[in-house]
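Asker: Before I ask anything, let me first share the structure, which is written out below as structure tokens.
The values are calculated or read from the model by the stated rules, or taken from the named source; none is laboratory data. Being a predicted model, the structure only gives us computed values, none of them experimental. Quick reminder, even Gly has a Cβ in these numbers, built from the backbone with ideal geometry, and neighbours come from all protein chains shown.
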Amino acid sequence: MYKKLAVWRIAAIASLGGLLFGFNTAILSGAVFFIKKEFHLSITSESTLFSAILFGAFLGALASIRLVDIVGRRKLLLASAAIFIVGSFWSGSASAVVHLLSSRFLIGIAIGICSLAVPLYITEIAPTNIRGALVGMNQLFVTLGILLAYLVDYYNTSCGHWRIMLMFGLVPAIVFLLGATLLPESPRWLLQHGWYNRARKALKQLVPDGNFEAEFMILQSRIKRSGNLRNLLKHWLWPVIIVVFGLSIIQQVSGINIIFYYGPDFLRSIGMHTSKAIMLISVIIGFINVCGSVTSMLLVDRIGRRKLLITSLILMAMANLFVAFSFHYFLSIKIREIFSITAMIVGVSGFAIGLGPLVWLMMCELFPTIIRGLAVSLAAATNWLANMLVIFSFLPMAHFIGNFYCFLIYGLLSLAGIFFVYKLVPETAKISLEKIESRLRTTITHHLEY
């Protein structure tokens with residue numbers, strides 16, 4: 001039995017890292033139009049600017065491979081908040097392209113840290129029965145961050161103040177830093193390192209006095225010391241590695257981040273030219289993204305992970321194929337606009353209810369405690385590497401082979417993802433982290449049926 005209000009409050013504070021994740025990945029989509037004018041960016045330069053934050057996120061996730069187990073989850077959250085503050089100020093005051101690239105790279109490092117530390121931290125402090133919803137809160141905050149970025153872009157579009165757009169990230173970063181100082185460390189991590197008194201103190205913030213001793217004894221009996229790379233290579237973990245790393249790649253090759261990063265540019269490419277109208281559509285899409293995340297939070301612990309993932313991929317496949325065929329068959333710009341905007345809404349809705357939150361949730365659920373920090377860091381790095389490759393390749397691909405083939409590829413990869421989930425991904429709803437590990441050790445079937 002946990003103190004639900006306390007757990008929700010702690011998860012909400014930690015999820016501010018997700019808000020900064022979403023804000024900083026989306027804010028450039030509205031600002032880049034004005035940055036291109038000031039710095040005369042080419043297609044390659046624009047792709048590099050978008051990819052800089054992703055390369056930073058990739059390295060941030062890699063750097064956290066050992067740090068997340070050595071220094072703990074809470075200290076990584078504090079470090080990422082400080083990096084967000086420095087990076088936001090630097091990007092808003094950049095006087096040259098190299099400064100802008102460097103600041104975006106720095107922010108990317110903080111995003112890479114948060115992308116694994118936040119869901120990992122929430123997973124470890126959450127009660128089993130609401131674990132999905134609590135980790136889903138992180139994705140909700142990511143979508144709120146994206147919506148906030150679109151609103152900031154929309155408000156500043158008329159005057160073209162791209163520096164204000166980028167520097168606005170200071171506000172949530174400072175709030176996150178102050179909030180993170182109030183967070184307890186993960187009791188599971190403290191027990192792994194043998195700090196029993198500190199673990200008891202941290203757990204008391206989560207569990208009422210009447211249930212405390214029983215909860216602490218159960219947790220203490222199940223915790224093992226942190227492992228290393230050799231533990232990750234155990235034969236019984238290979239099915240989990242295939243599932244988690246497969247989902248991390250599928251999340252990105254579905255093409256969803258083309259909407260979040262290049263949405264305004266894409267709308268211009270199909271015939272829309274009014275910046276205010278383009279950013280208004282982005283705001284609407286951001287709002288739908290938030291609604292989808294709320295829906296996911298309400299359903300994830302009720303109907304399970306698999307059904308939401310499959311539904312999510314079906315919608316995303318439909319969205320990509322709609323966009324592809326709108327370029328192939330419809331000559332009217334107006335019809336293409338209607339189809340493309342509808343497809344963007346369908347794709348974002350699908351991503352928000354399933355693939356967006358559940359990949360991060362399941363990578364934290366499926367790996368056992370002994371190597372969770374190490375394994376989640378590697379999976380997050382893989383996710384960001386795939387993201388970087390998709391974003392960096394999109395503009396050159398669209399230029400050389402056309403939008404039709406680009407979105408056809410994303411659609412076919414989403415369809416392949418449905419088959420992957422159906423055949424390989426297990427259900428983990430309403431099962432404790434320790435029970436997931438126990439069943440994995442004793443029962444490895446073709447379908448990984450826990």
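Asker: Based on this model, can you work out whether Asn383 counts as under 17 Å from Leu247 (Cβ atoms), of a type in the set (S, T, N, Q) and in contact (Cβ under 8 Å) with a residue 12 or more places away in the chain?
Answerer: Here the answer is yes, as Asn383 does meet what is asked.
Asker: Which ones in region 256-292 are of a type in the set (Gly, Ala, Ser) and surrounded by fewer than 23 Cβ atoms within 10 Å (Cβ to Cβ)?
Answerer: Result: Ser269, Gly271, Ser275, Ala277.
Asker: For region 37-66, which residues satisfy the criterion of being under 19 Å from Asn257 (Cβ atoms) and basic (Lys, Arg)?
Answerer: none
Asker: If you don't mind, another one. Can you find, within region 394-415, the residue that is nearest to Leu313 (Cα to Cα) among those that are of a type in the set (Phe, Trp, Tyr) and under 23 Å from the mean Cα position of the chain (by Cα)?
Answerer: Ranking the candidates gives Tyr410 first.
Asker: Does region 161-169 contain any residue that is farther than 26 Å from Phe21 by Cα and in contact (Cβ under 8 Å) with a residue 60 or more places away in the chain?
Answerer: No, region 161-169 contains no residue that is farther than 26 Å from Phe21 by Cα and in contact (Cβ under 8 Å) with a residue 60 or more places away in the chain.
Asker: Being at pLDDT 85 or above, farther than 23 Å from Tyr154 by Cα and touching a Ser or Thr at 6+ places or on another chain (Cβ under 7 Å) narrows it down to one of Leu54, Leu76, so name that one.
Answerer: Leu76
Asker: In region 1-48, which residues are over 21 Å from the mean Cα position of the chain (by Cα), closer than 30 Å to Ser432 by Cα and basic (Lys, Arg)?
Answerer: Within region 1-48, Lys3, Lys4 qualify.
Asker: Please state which one of Gly30, Gly60, Gly56 is over 23 Å from Leu389 (Cβ atoms), small (Gly, Ala, Ser) and in a helix (DSSP H, G or I).
Answerer: Result: Gly30 is the single residue among Gly30, Gly60, Gly56 that is over 23 Å from Leu389 (Cβ atoms), small (Gly, Ala, Ser) and in a helix (DSSP H, G or I).
Asker: For region 238-311, which helices (runs of 4 or more DSSP H) that fit wholly inside it have 2 or more residues that are in contact with a Leu (Cβ under 7 Å, 6 or more places away or on another chain)?
Answerer: By residue number, 238-253, 275-299.
Asker: Quickly run through region 369-390 and pick out the residues that are surrounded by 22 or more Cβ atoms within 10 Å (Cβ to Cβ) and within 21 Å of Glu124 (Cβ to Cβ).
Answerer: Passing the criteria: Ile371, Arg372, Gly373, Ala375, Val376, Ser377, Leu378, Ala379, Ala380, Ala381, Asn383.
Asker: Sort out which residues of region 193-210 are in a loop (DSSP other than H, G, I, E, B) and surrounded by fewer than 16 Cβ atoms within 10 Å (Cβ to Cβ), and write them in order of number.
Answerer: Passing the criteria: Gly194, Pro208.
Asker: Please work out which one of (1) closer than 30 Å to Ala202 by Cα; (2) surrounded by fewer than 24 Cβ atoms within 10 Å (Cβ to Cβ); (3) over 18 Å from the mean Cα position of the chain (by Cα) is the condition Ala63 fails and give its number.
Answerer: (3)
Asker: Listed residues Trp90, Trp189; which is surrounded by fewer than 20 Cβ atoms within 10 Å (Cβ to Cβ) and of a type in the set (Phe, Trp, Tyr)?
Answerer: Just one listed residue meets the conditions, Trp90.
Asker: If you don't mind, there's one more thing I want to ask. When you check Ala12 against the structure, is it part of a helix (DSSP H, G or I) and either crowded, with 24+ Cβ neighbours inside 10 Å or at pLDDT 90 or above (or both), yes or no?
Answerer: Judged against the criteria, Ala12 is a match.
Asker: Still on this structure: Which one is farthest from the chain's Cα centre (by Cα), of the residues in region 150-198 that are among the charged types (D, E, K, R) and over 17 Å from Gly72 (Cβ atoms)?
Answerer: Across region 150-198, the extreme among qualifying residues is Arg163.
Asker: Something else now. Looking at the structure I just gave you, is Ser248 closer than 30 Å to Val71 by Cβ, at pLDDT 80 or above and buried (at least 19 other Cβ atoms within 10 Å of the Cβ)?
Answerer: Yes, satisfied.
Asker: Look at region 337-380 and say how many of its residues are touching a residue at least 40 places away in the same chain (Cβ under 8 Å), among the β-branched types (Val, Ile, Thr) and under 17 Å from Gly411 (Cα atoms).
Answerer: Here the count works out to 3.
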